[in-house]
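The values are calculated or read from the model by the stated rules, or taken from the named source; none is laboratory data. Here the structure is a predicted model, which means the values were calculated and not measured. In this analysis, Cβ positions are derived from the backbone assuming ideal geometry, glycine residues included, and neighbour counts consider all displayed protein chains.
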Amino acid sequence: MSSYSVRPAIARDAKAIAEIHIAAWQAAYADLMPEDFLEKMTLERRLAYWREAIEFSEPQLLVATEDEQVVGFVGFDRSRDAGTRATVGEIWALYVEPAHWGKGAGLALWDGAREGLKEEGCTQVTLWVLLRNERALGFFEHAAGFKREMPSLKTVAFGSARLEEIRLKRAVD
């Protein structure tokens, strides 16, 4: 049984979301992305982005809490990929404070996002993951039931690094 609760994000959660976003990126991508790129992720920029996301519900945001402390978040909405049907949703972001990795917060967030996508009428959901991010791929494939879409591989620039991302997909049910 998870000790995490999931609820919609509110304005006062923006700072915690921004801090988690930065901490998770710096921990997860330390060996994948250039250090200078990770260091450019400032609290000020992330805070502005997540405040706006909460205000306009784009993407919709849920937070995972433990004893009222925000420990993770998920952003989801309709797919941003060109040519997708209106019934395809997307996980835009799912990040958990590194101290809470592997303890159920990510799964609680995925369950919350799945329910939100169902309410929106989505029947499929996709997300993009760096191909070399073994932790994220393991979570989404083994814990959350996503499958890789091999022809979706694309190269994305992160500062001076060019990294491959792959789209994963599953039914919302």
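Would you be able to tell me the number of residues in the range 135-149 that are closer than 18 Å to Leu32 by Cα and either over 16 Å from the mean Cα position of the chain (by Cα) or buried (at least 16 other Cβ atoms within 10 Å of the Cβ) (or both)? Break it down into steps so the answer makes sense when it comes.
Residues of the range 135-149 closer than 18 Å to Leu32 by Cα: 135-139.
So of that shortlist, the ones also either over 16 Å from the mean Cα position of the chain (by Cα) or buried (at least 16 other Cβ atoms within 10 Å of the Cβ) (or both) come out as 136-137, 139.
Selection size over the range 135-149: 3.
Determine which member of the set Gly106, Gly75, Gly89, Gly83 is in contact with a helix residue (DSSP H, G or I) (Cβ under 7 Å, 6 or more places away or on another chain) and either under 25 Å from Arg162 (Cα atoms) or modelled with pLDDT under 95 (or both). Outline the logic, then answer.
Details: Gly106 fails: either under 25 Å from Arg162 (Cα atoms) or modelled with pLDDT under 95 (or both); Gly89 fails: either under 25 Å from Arg162 (Cα atoms) or modelled with pLDDT under 95 (or both); Gly83 fails: in contact with a helix residue (DSSP H, G or I) (Cβ under 7 Å, 6 or more places away or on another chain).
After ruling out the rest, the residue left standing is Gly75.
Scanning the range 150-172 for residues that are of a type in the set (Lys, Arg) and surrounded by fewer than 16 Cβ atoms within 10 Å (Cβ to Cβ), which turns out farthest from Ile91 (Cα to Cα)? That would be Arg162.
Of the residues that make up the range 13-21, is at least one touching a residue at least 24 places away in the same chain (Cβ under 8 Å) and either in a loop (DSSP other than H, G, I, E, B) or among the β-branched types (Val, Ile, Thr) (or both)? First the steps, then the outcome.
Here is the first cut: in the range 13-21, the ones touching a residue at least 24 places away in the same chain (Cβ under 8 Å) are 13-21.
Of the ones still in play, those that are also either in a loop (DSSP other than H, G, I, E, B) or among the β-branched types (Val, Ile, Thr) (or both) are 17, 20.
Within the range 13-21, one or more residues are touching a residue at least 24 places away in the same chain (Cβ under 8 Å) and either in a loop (DSSP other than H, G, I, E, B) or among the β-branched types (Val, Ile, Thr) (or both).
From Ala53, Ala30, Ala105, which residue is more than 13 Å from the chain's Cα centre (by Cα), crowded, with 21+ Cβ neighbours inside 10 Å and on the phi < 0 side of the Ramachandran plot? Full working, then the answer.
Details: Ala30 fails: crowded, with 21+ Cβ neighbours inside 10 Å; Ala105 fails: more than 13 Å from the chain's Cα centre (by Cα).
Within the list Ala53, Ala30, Ala105, the selection yields Ala53.
Taking the stated definitions as given, is Thr65 among the hydroxyl-bearing types (Ser, Thr, Tyr), surrounded by 16 or more Cβ atoms within 10 Å (Cβ to Cβ) and under 18 Å from Asp13 (Cα atoms)?
On the way: among the hydroxyl-bearing types (Ser, Thr, Tyr): yes; surrounded by 16 or more Cβ atoms within 10 Å (Cβ to Cβ): yes; under 18 Å from Asp13 (Cα atoms): yes.
In short, yes.
Based on this model, can you work out whether Asp81 counts as surrounded by fewer than 20 Cβ atoms within 10 Å (Cβ to Cβ), in contact with a strand residue (DSSP E or B) (Cβ under 8 Å, 6 or more places away or on another chain) and either assigned to a loop (DSSP other than H, G, I, E, B) or of a type in the set (Gly, Ala, Ser) (or both)? Lay out the reasoning, then the answer.
Values: surrounded by fewer than 20 Cβ atoms within 10 Å (Cβ to Cβ): yes; in contact with a strand residue (DSSP E or B) (Cβ under 8 Å, 6 or more places away or on another chain): yes; either assigned to a loop (DSSP other than H, G, I, E, B) or of a type in the set (Gly, Ala, Ser) (or both): yes.
In short, yes.
Give the residues of the range 103-128 that are part of a loop (DSSP other than H, G, I, E, B) and more than 20 Å from Glu19 (Cβ to Cβ), sorted by residue number. Of everything in the range 103-128, those that are part of a loop (DSSP other than H, G, I, E, B) and more than 20 Å from Glu19 (Cβ to Cβ) turn out to be Gly104, Glu120, Gly121, Cys122, Thr123.
Residue under question is Leu47, and the condition is that it be of a type outside the set (Ser, Thr, Tyr), crowded, with 21+ Cβ neighbours inside 10 Å and not in a loop (DSSP other than H, G, I, E, B); does it hold?
Against the criterion (of a type outside the set (Ser, Thr, Tyr), crowded, with 21+ Cβ neighbours inside 10 Å and not in a loop (DSSP other than H, G, I, E, B)), Leu47 does not qualify.
Residues in the range 129-155 that are assigned to a loop (DSSP other than H, G, I, E, B) and free of Cβ contacts under 8 Å to residues at least 60 places away in the same chain were compared, and the one that is farthest from Ala113 (Cα to Cα) is Leu131.
From the set of residues in the range 86-102 that are more than 19 Å from Ala18 (Cα to Cα) and either among the aliphatic types (A, V, I, L, M) or without any contact (Cβ under 8 Å) to a residue 12 or more places away in the chain (or both), which is surrounded by the fewest Cβ atoms within 10 Å (Cβ to Cβ)? Write out each step before concluding.
Applying the first criterion (more than 19 Å from Ala18 (Cα to Cα)) to the range 86-102 yields 86-90, 102.
Going one step further and asking which of them are either among the aliphatic types (A, V, I, L, M) or without any contact (Cβ under 8 Å) to a residue 12 or more places away in the chain (or both), we end up with 86, 88, 102.
Details: Ala86: 11, Val88: 18, Gly102: 13.
If we take residues in the range 86-102 being more than 19 Å from Ala18 (Cα to Cα) and either among the aliphatic types (A, V, I, L, M) or without any contact (Cβ under 8 Å) to a residue 12 or more places away in the chain (or both), then Ala86 is surrounded by the fewest Cβ atoms within 10 Å (Cβ to Cβ).
The single condition among (1) within 24 Å of Ala30 (Cα to Cα); (2) without any contact (Cβ under 8 Å) to a residue 24 or more places away in the chain that Leu163 does not meet is (2).
When residues of the range 117-134 are filtered for being farther than 22 Å from Pro59 by Cα and surrounded by 13 or more Cβ atoms within 10 Å (Cβ to Cβ), how many remain?
Applying the first criterion (farther than 22 Å from Pro59 by Cα) to the range 117-134 yields 131-134.
In the following step, the residues that additionally are surrounded by 13 or more Cβ atoms within 10 Å (Cβ to Cβ) were identified as 131-133.
Going through the range 117-134 one residue at a time, the tally reaches 3.
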